[in-house]
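Encoded as structure tokens, the structure appears first; notes follow it.
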Amino acid sequence: MKSRNLKLLGLAGFLAIWGAPSFGQTSTPAADYKQAREEFALAEQAAQKRQVSAESFQRELDRLLEQKQRWNSELTYARGKLAYAEEKLKHFTALNLADEIHKWQGQVENWSTRVKAASSELEKVESEIQSTVQALQTSLQQADENALLLPGESIEVFVAEDETLNGVYQVRRGGYVILPRVGRVMVAGKTLAAAEKAIKDALAQGQIKDATVMVERPQGGVGGEGPVVYLSGEFLKPGAWRIPAGVAPTVVTTILRSGGLTDEADLTRVRLLRLVSGQALVEEVNVRAILDGDGLQTDLTVQPGDIIVVPAYANLVYVTGNVLKPGALQLKPGEQLTAYSAILRAGGFARFANRKKVYVLRDKGDGVKEKIPVSIKDIQNRGGADVILQSRDIVVVPEKFFSF
């Protein structure tokens, strides 16, 4: 959420464009503010793209697993019928009953055809599952040091001239980290090298001139040496996760060590994906039950190269922007929640909310989002029609440009 300081800075920069000469100027508050917002927008786009990719994979995997279950059931049924028909054919052949022999020969031929068809379809589905898992693994392997920093992840900062500044800092929702005696430094949407420069520039304004700054992702990320597993879905830091030396990780311990999950994480349907001799193995783990002490649930050992997928709750909507408590809201079975009701449930409008520009973003599939305006004034004053939310809708409450 943007602070009042950023609003004042934005207004000052806007006025400076008209009141200050442009010659000989390489940086202005307006330019700095614009650059920070553009970088933050890049981070939001990268995060959204990552989320869409994870959700698309999960939907595709769900579809394929449903098909696999259906063809497995068909294959089991057809094999049972085939075995029964073969037994009958053998019986009536021994009795030399021509009519019965002809009848059961037809049954054997029919069920043999169905067994072959089900086996063929099952092989196709298993091949698609393998390709999907391999594609996800390849995508996760591409995370490297040039990846943009995103809100929610953490960075490790080292300042050679002042060790009191060294430590791990979380990138806040607004795209910044808070350094002692320095304050907010925007880093979202920057590479590690660009984040180092941003912190160095911030220190130069009143703390340390020409500081030696290093920024890294904390251990457990992609850097270093040793085997890795891959995290996908509702992890705060998805991608490659390096297995610490001397640790034999399980699904549960990996989740606990990984740096945290989003509020939308559904721990009852965690999946472990593994490629074994070219075949995809998919296991589901109820991590919530294990953490709650349910002895019937079994944790699974994680091997290098495995993928752990933590899905989001199926029925969630989001409220973001200028509300008092932005975040996810879970829909109860059969519940109809409107956009205005969701805003109220999120604490209501914040001070600088632009009630005239509220809208709902709805995913139409294939990365296409529909923007649906919400007339809060009509709803409040004349009982206008509200928007009934669907799962994964995002209610956006923008900020007024002039907030005072």
Quiz item: What is the set of long-range amide H partners of residue 153 at a cut-off below 5 Å, with H atoms built 1.01 Å from backbone N?
Solution: 171
Quiz item: Using modelled backbone amide H atoms (1.01 Å from N, in-plane), which distant-in-sequence or interchain residues come within less than 5 Å of residue 399's amide H?
Solution: 354
Exercise. Using only the Cα atoms, work out Rg/Rh for region 154-216, with Rh taken as the Kirkwood radius, to two decimals.
Key: 0.91
Practice problem: Please state, to two decimals, what the Cα-based radius of gyration of region 215-374 comes to when divided by 2.2 N^0.38 Å (N = residues). | Solution: 1.28
Exercise. Quick one: check the C-alpha center-to-center distance for region 327-377 versus region 249-288, whole angstrom.
Key: 31 Å
Practice problem: Could you give log10 I(q)/I(0) at q = 0.16, 0.21, 0.24 Å⁻¹ for region 94-201, computed by the Debye formula over C-alpha point scatterers of equal weight, without solvent? | Solution: -0.82, -1.07, -1.22
Quiz item: What percent of all Cα-Cα pairs in region 228-310 falls in each 5 Å bin, counting up from 0?
Solution: 3, 15, 28, 27, 18, 8, 1, 0
Quiz item: Rg and Dmax of region 280-389 over Cα atoms: what are they, in angstrom?
Solution: 19.6, 60
Quiz item: So, how do all the Cα-to-Cα distances of region 159-279 break down into 5 Å bins, in percent, from 0 on up?
Solution: 2, 9, 17, 18, 15, 13, 11, 7, 4, 2, 1, 0
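Read-outs: derived from the displayed coordinates by stated rules, not from any lab. Predicted model only: the values in this text are computed from it and were never measured.
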